[in-house]
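This report concerns only the one structure given below.
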Amino acid sequence: MVEHPTAGTVAHVPVQGRDAHAGATDELPALWRRYREARDEATRERLILHYSPLVKHVAGRVAVGLPPNVDMGDCASYGMFGLIDAIEKYDPDRGVRFEPYAMSRIRGAILDELRALDWIPRSVRAKARSVERGYQALEARLHRSPTEAELAAELGISVEDLQQTFSQISVVNVLALDELLAATDEPGEMNFGDTLADLTADDPVAVFEDQETRALLLNAIAELTERERRVIHLYYVEGMTLAEVGEHVGVSESRVCQIHSKAMLALRTKLAGRR
């Protein structure tokens with residue numbers, strides 16, 4: 001009667017360019033078991049190929065706001081080392097899904113390499129520290145977030161200069177925001193991105209209520225007569241008209257309508273009493 005959603009997906013990022021062996025979702029459990037037991041390079045390569053779109057996804061997000069001289073391809077290369085490290089260290093027994101764990105490792109690998117390259121000029125770093133100190137001092141005195149005009153006055157510059165400084169130090173924040181929460185790279189460690197609301201995600205309360213309603217509905221349907229269950233199935237699941245249902249059940253359309261009405265009344269009564 002009720003169609004259940006498919007349980008779990010392997011990746012939340014579109015995967016392109018996979019061959020039939022590396023890309024088959026139903027092969028993943030077997031691949032993971034094989035890799036855990038043998039640690040062979042061939043199996044690892046297949047896992048890397050399957051999850052490689054995660055690298056492009058994370059690299060694209062990290063690259064937003066970076067200077068033009070930072071190449072997207074370089075970020076993806078750095079991230080690939082993070083993916084390999086994630087595959088080698090992933091332990092499914094810890095109850096953590098691989099995708100978020102891998103994305104954290106990929107992000108960390110990219111940011112670590114960018115820090116090592118020191119692509120942010122010292123003057124920009126100095127401005128970032130100056131603005132941060134001024135902001136903290138004003139916030140302590142005012143007991144609220146300062147305005148741009150107040151912060152500019154504290155730093156002894158114009159609002160226009162402050163806004164220009166914000167543009168320059170925005171590249172520093174690409175690293176700093178992740179550092180606010182990600183103290184380690186352990187599985188399940190929270191980073192800044194994890195705290196942002198996903199407006200496209202399902203409401204967990206609504207999902208739970210939907211699952212509960214489905215369970216109650218299935219139990220209520222199970223208590224109907226065999227003919228009533230058959231009418232409900234043919235009408236709602238098979239999408240037949242009442243006339244077509246009547247032909248399959250062997251009764252008139254008007255009789256099917258009566259059976260349907262009785263079944264719906266019974267379901268409403270059962271569900272109302274169980275909520």
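The values are calculated or read from the model by the stated rules, or taken from the named source; none is laboratory data. Just so it is clear, the model here is predicted, and its values are computed rather than measured. When we count neighbours, we look across all protein chains shown, and the Cβ atoms used for this are built from the backbone with ideal geometry, even at glycine. Heads up: the accessible areas ignore ligands, DNA and RNA and are worked out on the full protein's heavy atoms, side chains in. Shrake-Rupley method; radii C 1.70, N 1.55, O 1.52, S 1.80 Å.
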> Identify, please: which residue in the range 83-114 is farther than 23 Å from Pro29 by Cβ, within 20 Å of the chain's Cα centre (by Cα) and not basic (Lys, Arg) and is, among those, least open to solvent (accessible area, probe 1.4 Å)?
Replying inline: Ile110
>> Suppose we filter the range 82-134 for residues that are over 30 Å from Gln164 (Cβ atoms) and of a type in the set (A, V, I, L, M, F, W, C); how many remain?
In response: 10
>> Can you find a residue that is of a type in the set (S, T, N, Q) and at pLDDT below 85 anywhere in the range 35-56?
In response: no
> Can you tell which of Arg115, Arg122, Arg129 is among the charged types (D, E, K, R) and modelled with pLDDT of 75 or more?
Replying inline: Arg129
